[in-house]
Amino acid sequence: MDTFAFIIHPIDPKKDVSRKFPWLGRHLSTRQIDFFSTFFPPVYISEIDGITSESTGKQVKGWFVACPLTSRRMFELPEWMVYRKIIQTGKMAERLGAKILGLGAFTSVVGDAGMTIARSLKVPVTTGDAYTISIAVQSIREAARRMDIPLEKASAAVVGATGKIGRVCAELLSENVARLYLIGRKENLLRELRDHLSGAGSCELIVSTNLASLTHAQLILTVTSALDDIVEPEHLLPGSVVCDVARPRDVSAMIAATRNDILVIDGGMVDVPGPVDFHFNFGFPADKAYACMAETIALALEGRFEDYTLGRQITRARVDEITGIAEKHGFRLSGFRSFEREVTQEHIDAVRQNAQSRMRR
Ligand SMILES: NC(=O)c1ccc[n+]([C@@H]2O[C@H](COP(=O)([O-])OP(=O)(O)OC[C@H]3O[C@@H](n4cnc5c(N)ncnc54)[C@H](OP(=O)(O)O)[C@@H]3O)[C@@H](O)[C@H]2O)c1
């Protein structure tokens, strides 16, 4: 049977460590987990079975392996130390027999986005970012439809627009919406992106380094590598949609608590084909996965055992190709979730009503 492995790591340290080691998660503080994660070895998490291609009937088996470093630790440590730990985790995947390896969350963000890691391992590697882009953009389009926001007239924003995922999301969204705010921290890079995109269509492109620009956007896709929340309740227009692709999240939990007139959705959740069992609760319902996991699995189902999405320049062609492969095998954009809860049609209707009454006030 063809095989794959996927590297996960603690994003919300106490919660995520508790998923495998309840005692440690309960007794260590976040700061202690950050510190000890440097010295912890890679961890075998679980075997994944039941994945079956909808079109070919092929089955694949996989494994979750964990790099112990937290997101904060990956930021603080020298790059070579982070690479070393991810490569050690990749070698565990090789020993298990994986034929392709996916890099989850910050293991795909660090340094040159998988290139050094791929060069140091025998198993081919992918970051999963191409399918993450595809699903993020599909999510915001679908959320706009369900909130009755006409895409072609909409004002949208991408936060983290100069990042490797944000850049291609901005390119794809600029083909659908009337106005697009490109938001980030480096004005020169934002201007370069605006110039690169401006030949393509009629969308008005506006560069901003100020999150207050979000008050002009009905549709927001946020995908930064910030360690803490950056999108706060005061930034948002009543009735707007925020698709949060970042892990750790960009969107403050305060929005769920204080703004019942905003639809926040998690970006990147897909349905997996076949009676999948991950034998590990990573925070999603049983038959769903992150798009970056799905990219790795889809490549295994397709028999494409090669380095796939690596590096900081992701092309449209790669996004289109992996979308075709994933759809062929039965991966689909899943229903919406928000702060680990299902988003029902009743919730969406309530958000729209609350937005209307807030605008009337
Ligand atoms: N949901 C999924 O399935 C999935 C899959 C893959 C990745 N991800 C997540 O997606 C996120 C982005 O990944 P990436 O690979 O695109 O990262 P990246 O290439 O490093 O880009 C991140 C962008 O965020 C910006 N940024 C960082 N901190 C910021 C802050 N405090 N305020 C505003 N902008 C900030 C960076 O700008 P500067 O240039 O100014 O630093 C950069 O443009 C990460 O959180 C990652 O874990 C999610």
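The values are calculated or read from the model by the stated rules, or taken from the named source; none is laboratory data. Being a predicted model, the structure only gives us computed values, none of them experimental. Every residue, glycine as well, gets a Cβ built from its backbone with ideal geometry; the counts of neighbours run over all protein chains shown. The accessibility values were calculated without ligands, DNA or RNA, using every heavy atom of the protein model including side chains. Shrake-Rupley method; radii C 1.70, N 1.55, O 1.52, S 1.80 Å.
Points to keep in mind about this one:
- Across the protein chains, with a 1.4 Å probe defining accessible surface, the residues Lys14, Lys122 rank Lys122, Lys14 from largest area downward.
- Ligands, DNA and RNA left out, the accessible area of the range 248-361 computed with a 1.4 Å probe is 47% carbon and sulfur.
- Residue-normalised accessible area of the range 209-276, given per residue in Å² at a 1.4 Å probe: 31 Å²
- For the cross-link pairs Lys14/Lys58; Lys14/Lys288; Lys15/Lys328; Lys61/Lys186; Lys99/Lys288; Lys14/Lys328, the ones whose C-alpha atoms lie over 31 Å apart are Lys14/Lys58; Lys15/Lys328; Lys61/Lys186; Lys14/Lys328.
- Amide hydrogen proximity for Thr52: with H placed 1.01 Å from N in the peptide plane, the residues at 5 or more positions away or on another chain lying under 5 Å are Gly274.
- Of Phe36, Trp63, Met81, farthest towards positive along the dipole that unit charges on Lys, Arg, Asp, Glu beta carbons give the range 1-126: Phe36
- Accessible-area value, Lys15, 1.4 Å probe, nucleic acids and ligands omitted, Å²: 100 Å²
- Mean-position separation - Cα centroids, the range 242-318 and the range 331-356, in angstrom: 17 Å
- The range 1-141, relative contact order in percent, only Cα pairs under 8 angstrom and at least six apart counted: 28 percent
- Amide H contacts of Arg337 (H built 1.01 Å from N, in plane; Pro and chain starts excluded): Asp266, Val343 sit under 5 Å, all sequence-distant by 5 or more or on other chains.
- Dipole moment magnitude, nearest 20 debye, the range 229-330 about Cα centre, only Lys, Arg, Asp, Glu C-beta charged: 120 debye
- Carbon and sulfur %, accessible surface of the range 1-128 computed with the full protein complex present, 1.4 Å: 60 percent
- For the range 35-112, averaging the sequence separation of C-alpha pairs within contact (under 8 Å, six or more residues apart) and dividing by the residue count gives a relative contact order of 30 percent.
- Taking every protein chain into account, the accessible area of the range 114-203 amounts to 40 square angstrom per residue (probe 1.4 Å).
- Note on the chain: with charges restricted to the Cβ of Lys and Arg (+1) and Asp and Glu (-1), its dipole about the Cα centre is near 640 debye.
- Annotation: aspartates and glutamates with alpha-carbon distance below 17 angstrom to Lys91 (same-chain offsets under eight excluded): Glu47, Glu306, Asp307.
- Relative to the Cα centre, the charge distribution of the range 155-256, modelled as +1 at Lys and Arg Cβ and -1 at Asp and Glu Cβ, gives a dipole magnitude of about 200 debye.
- Residue-normalised accessible area of the range 298-345, expressed per residue, 1.4 Å probe, Å²: 47 Å²
- Listed residue (Ala300, Gly267, Phe282) projecting farthest to the positive dipole end of the range 240-361, Cβ model: Gly267
- Only one residue of Ser202, Gln218, Leu182 has its Cα farthest out toward the positive end of the dipole of the range 123-256, where Lys and Arg carry +1 and Asp and Glu -1 on Cβ, and that residue is Ser202.
- The chain: relative contact order in percent, alpha carbon pairs under 8 Å with at least 6 residues between: 20 percent
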